[in-house]
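Trainee: Provided herewith is a single structure, encoded as structure tokens, for subsequent inquiry.
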Amino acid sequence: MSEAQQGRVARLRALMGERGYDAVVLRNNADLRWLTGAERTFDDEVAHTAVVTADTLLLHTDSRYYNTFMERLGPDGPWEVDMGRTPHAAWAARALASARACVAAVEDTVAVGFVDDLARGLDAESWACLMPRLHGAISRLRMVKDDEELALLRRAQEITDAAWEHIRSYVRPGMSELEIRAELERSMFEHGAEAVSFDSIVAAGPQGANPHAQPGDYRVREGDFVTMDFGALYHDYHADMTRTLVVGEPSEKQREVYDVVRRAHEEAAAAVRAGVVGADIHRIAQRVIEEAGYGEYFGHGLGHGVGVEIHEDPNFSLRWEDPVPEGSVVTIEPGIYIPGEFGVRIEDTGVVTADGYEPFTRLGHELESARG
């Protein structure tokens, strides 16, 4: 187990000690990926259960994943991996009874049915324990990225940057949004992506006024803005970036709106440092956009955490009134979306440091023209 993974386990056990938990039961794949360090192992199935105590790390899986876990975690590692056919809840109940856990916290993302089955399993083991919910505690631990995570996030962004450098030279009038997305994602794979972080957004012309537009048959025209929101996945860690380019020459209004979004982004980024309240950073960008007369066209949060999931804590949004800790990785993505005309969004992902915000991308915020 790497030093980074040891640190994650230690942080979880420290939380357990603070709260008086004898054990925790985990099923969320993102949390398990973070805690175990088993890269490229988890998929969309909820097929694993972990029980962590003060001195044991237990993992239950099945034959589809067992060999991969053993390769990733090693036969001599601290994780005891079991692939028996016992149902997950019954296995967890047996583990808790064996550990004589009196207070076992259950992750708040598990299904209610699993909790019911766990309670029945404890009855069958002639053991009872309090089962409080963790209520997002693991996601709070995951906010602060260690060096291993930061390296993976930087690599994911390098791949994403390379795809942007390619696609801005590829786009030309007559291409459909779907054609552009196919080439954008092909380029990410060519440069080392293992998957895409999410369904890539390519929104041209009036489509750009829809922040989460799905690419379609619309064909790019001279004078269109084309907004692309995309990212590469690398060793289970995500990149997230948005850029808006113009096909041909922009209108005066397009230049004005783009400049407002750019200023909103850069003024917000300049105010970031460890300990800032997320909502306050959002308000900075909001103020810039409102003062320019476009406040009604900016309706989403300024940014979200990124890591082993594409949307994590913390956030730069009105709903995040807590301080943002050093080591958090958060997007900054202001936008203006004018129905029937066009939209602009500029997004970076970066790490919050003691005295600033360090974006992972090496690309600037200038308005660029398609070169195809």
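Trainee: Select from R85, R27, R262 the residue whose mean-square fluctuation is largest in a Gaussian network model of the chain (Cα-Cα springs shorter than 10 Å).
Mentor: Answer for the Gaussian network model of the chain: R85.
Trainee: Here is a further query. For every helix of n ≥ 4 consecutive DSSP H residues, a contribution of -39,500 (n - 2.57) applies; sum these over the chain, divide by its total residues, and give [θ] at 222 nm rounded to the nearest 500 deg cm²/dmol. Write down the numbers at each step before the final one.
Mentor: Details: 10 runs with 132 residues, N = 372.
Mean residue ellipticity at 222 nm (helix-derived): -11500 deg cm²/dmol.
Trainee: Quick one: work out Rg over Rh on the C-alpha atoms of segment 222-266, Rh as Kirkwood radius.
Mentor: Values: Rg = 13.8 Å, Rh = 12.2 Å.
Rg/Rh for segment 222-266 comes to 1.13.
Trainee: Here is a further query. Provide, as a two-decimal number, the C-alpha radius of gyration of segment 1-110 over 2.2 N^0.38 Å, N being how many residues it has.
Mentor: Values: Rg = 13.0 Å, N = 110, 2.2 N^0.38 = 13.1 Å.
The value comes to 0.99.
Trainee: While we're here: Mean separation of Cα pairs under 8 Å and 6+ residues apart, divided by the residue count of the chain: what relative contact order is that in percent?
Mentor: Values: 801 pairs, mean separation 54.8, N = 372.
This gives 15 percent for the chain.
Trainee: Rounded to a whole number, what is D in µm²/s for segment 138-189 from Stokes-Einstein with the Kirkwood radius over alpha-carbon pairs (4 °C, 1.567 mPa s)? It would help to have the intermediate numbers written out before the result.
Mentor: Details: Rh = 13.0 Å.
Calculated translational D: 100 µm²/s.
Trainee: Using Cα centres only, tell me the gap between segment 106-161 and segment 261-297 in whole Å.
Mentor: 32 Å
Trainee: I've got another one for you. Evaluate Rg over Rh across segment 174-324, taking Cα atoms for both radii and Kirkwood's formula for Rh.
Mentor: Details: Rg = 16.6 Å, Rh = 16.8 Å.
Across segment 174-324, the Cα-based Rg/Rh ratio is 0.99.
Trainee: Continuing with the same structure: To two decimal places, what compactness ratio does segment 44-166 give when its Cα radius of gyration is scaled by 2.2 N^0.38 Å?
Mentor: Numbers: Rg = 18.0 Å, N = 123, 2.2 N^0.38 = 13.7 Å.
With N residues counted in segment 44-166, Rg over 2.2 N^0.38 Å equals 1.31.
Coordinate-derived values only; no laboratory data. These figures come from a predicted structure and were not determined experimentally.
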